[in-house]
């Protein structure tokens, strides 16, 4: 790890921020819903000493994996925050300190959970979290320097195509993680047989769609659209033709569907391959149209300047359909007052506590991901305005995203079957803001000509950035 801590553009400050935020998330998330119950100290110590070791069945396997995964990023980020740019000796000392500290934090959390009766305390959680802390520290030793190089190279990414390539792999990582949640993994032929008996394996295309036509359309559309951004970003790289991008996206979909076969609670459905094919085709087509602007001497697309705004309004209508369906609103005052009182009385993320970890992750991703296209469309509209208006338009766009998030939550409060959380507005706004920033950065990048030989900008820019850093290191050493 040879990067100087104080060098311009060092990612160490980012790692510090990420480590602090993630630590707060681990502690807070382990105590939600924060219903404290006082207990004599001696009684708490006695209960902690008799804490059980639970037998892990298929139902509790996901919970054990969740605790393991919870602590891997914790020590990984703290290793980066403390050792990025430091010597191997300093990294070794940090490892010897962080791993025991993570284990002590796990013990402290489990002991504190005794005062929050809704939380389950067991030796399994401590073992999983301590093991996760060890894995996180070792993972930094294996990949930390490459992560620092990757973060540093972002400042040298000046072409839109190179940025698109990077975003594609980030998006793919998110899709991969989501598709293997909740990680109740199995390689047992008996358990896979039971999975088939329970209807979690479907080999008939479109054979198990919901009876409700609107909900079935929603299921098919979302399963298709999840693949469109990946195909679009890969197509924007400019070094791959349409068929290659479509084939890469389909190969990824087939691979993930095969992986889901070994995740006990996930449904493996051949229908997903047909929806992936449609979503990939849409992404390839859009990426090809946008790539016209990247080609040397390419012509601007004959789209109206107001089209992105019209599409953004259309997407807001789609958001209302997705989050308000089936529109079973109640407007009587007593019901609305009770719902509002309960909504304001909950602590942040309390609604996500009830249910499985997979449900919580799914709900969180839905809130964020569905608002990303809204922000992206608004950013596209802003980029087509005169520069004198862009600052005002940016402020109004972010305000519009917040308004849309508020309207979605207010509508869900009026529906008995919905359970909105006080953090939903924040999560939805963050999703929209992420989409807005990503597209604004994308359009701020240059449209540079291609290098010969079919080499992508990402490869060339990373190579030149590495060469500059190597030359700089030699100069400092002399």
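Output the residue which, of all residues in the range 291-322 that are out of contact with any strand residue (DSSP E or B) (no Cβ under 9 Å at 6 or more places or on another chain) and crowded, with 16+ Cβ neighbours inside 10 Å, is modelled with the lowest pLDDT. It would help to see each step written out before you state the result.
Step one: list which residues in the range 291-322 are out of contact with any strand residue (DSSP E or B) (no Cβ under 9 Å at 6 or more places or on another chain), which gives 291-293, 295-322.
Filter again for crowded, with 16+ Cβ neighbours inside 10 Å, leaving 291, 308-309, 311-312, 315-316, 319.
Numbers: 291: 64, 308: 84, 309: 88, 311: 86, 312: 91, 315: 89, 316: 93, 319: 90.
Step by step, filter the range 291-322, then rank; the result is 291.
Within the range 204-226, track down each residue that is within 29 Å of the chain's Cα centre (by Cα), farther than 26 Å from residue 285 by Cα and in a loop (DSSP other than H, G, I, E, B).
208, 209, 210
List every residue pair whose Cβ atoms lie under 6 Å apart, where the two residues are 6 or more positions apart in sequence or sit on different chains, the first residue falls within the range 40-68 and is assigned by TED's automatic domain parsing to the domain that holds residue 117 and more than 16 Å from residue 186 (Cβ to Cβ), and the second residue, located anywhere, is assigned to a loop (DSSP other than H, G, I, E, B) and at pLDDT 80 or above.
44/114; 47/114
Do we find that residue 406 is part of a loop (DSSP other than H, G, I, E, B), outside the structural domain of residue 180 (by TED's automatic domain parsing) and touching a helix residue (DSSP H, G or I) at 6+ places or on another chain (Cβ under 7 Å) in this structure?
Details: part of a loop (DSSP other than H, G, I, E, B): no; outside the structural domain of residue 180 (by TED's automatic domain parsing): yes; touching a helix residue (DSSP H, G or I) at 6+ places or on another chain (Cβ under 7 Å): yes.
It is false that residue 406 is part of a loop (DSSP other than H, G, I, E, B), outside the structural domain of residue 180 (by TED's automatic domain parsing) and touching a helix residue (DSSP H, G or I) at 6+ places or on another chain (Cβ under 7 Å).
Which of the following residues is closer than 15 Å to residue 176 by Cα and in contact (Cβ under 8 Å) with a residue 24 or more places away in the chain: 256, 236, 232, 201?
Working: 236 fails: closer than 15 Å to residue 176 by Cα; 232 fails: closer than 15 Å to residue 176 by Cα; 201 fails: closer than 15 Å to residue 176 by Cα.
Of 256, 236, 232, 201, the one residue that is closer than 15 Å to residue 176 by Cα and in contact (Cβ under 8 Å) with a residue 24 or more places away in the chain is 256.
Would you tally the residues in the range 323-367 being modelled with pLDDT of 85 or more, surrounded by fewer than 16 Cβ atoms within 10 Å (Cβ to Cβ) and assigned to a helix (DSSP H, G or I)?
The qualifying residues number 10.
Give the residue, chosen from 169, 234, 141, that is buried (at least 22 other Cβ atoms within 10 Å of the Cβ) and at pLDDT 80 or above. Before the answer, list the steps.
Values: 169 fails: buried (at least 22 other Cβ atoms within 10 Å of the Cβ); 141 fails: buried (at least 22 other Cβ atoms within 10 Å of the Cβ).
Of 169, 234, 141, the one residue that is buried (at least 22 other Cβ atoms within 10 Å of the Cβ) and at pLDDT 80 or above is 234.
Can you tell which of 436, 442, 403 is more than 13 Å from residue 373 (Cα to Cα) and modelled with pLDDT of 90 or more?
Values: 436 fails: more than 13 Å from residue 373 (Cα to Cα); 442 fails: modelled with pLDDT of 90 or more.
Within the list 436, 442, 403, the selection yields 403.
Which of (1) touching a helix residue (DSSP H, G or I) at 6+ places or on another chain (Cβ under 6 Å); (2) more than 30 Å from residue 189 (Cα to Cα) is the odd one out, the single condition residue 212 does not satisfy?
Every listed condition holds for residue 212 apart from (1).
The values are calculated or read from the model by the stated rules, or taken from the named source; none is laboratory data. Bear in mind the structure is a predicted one, so any value in this text is a computation, not a measurement. Glycine gets a Cβ as well: all are built from the backbone with ideal geometry, and neighbour counts include every protein chain shown.
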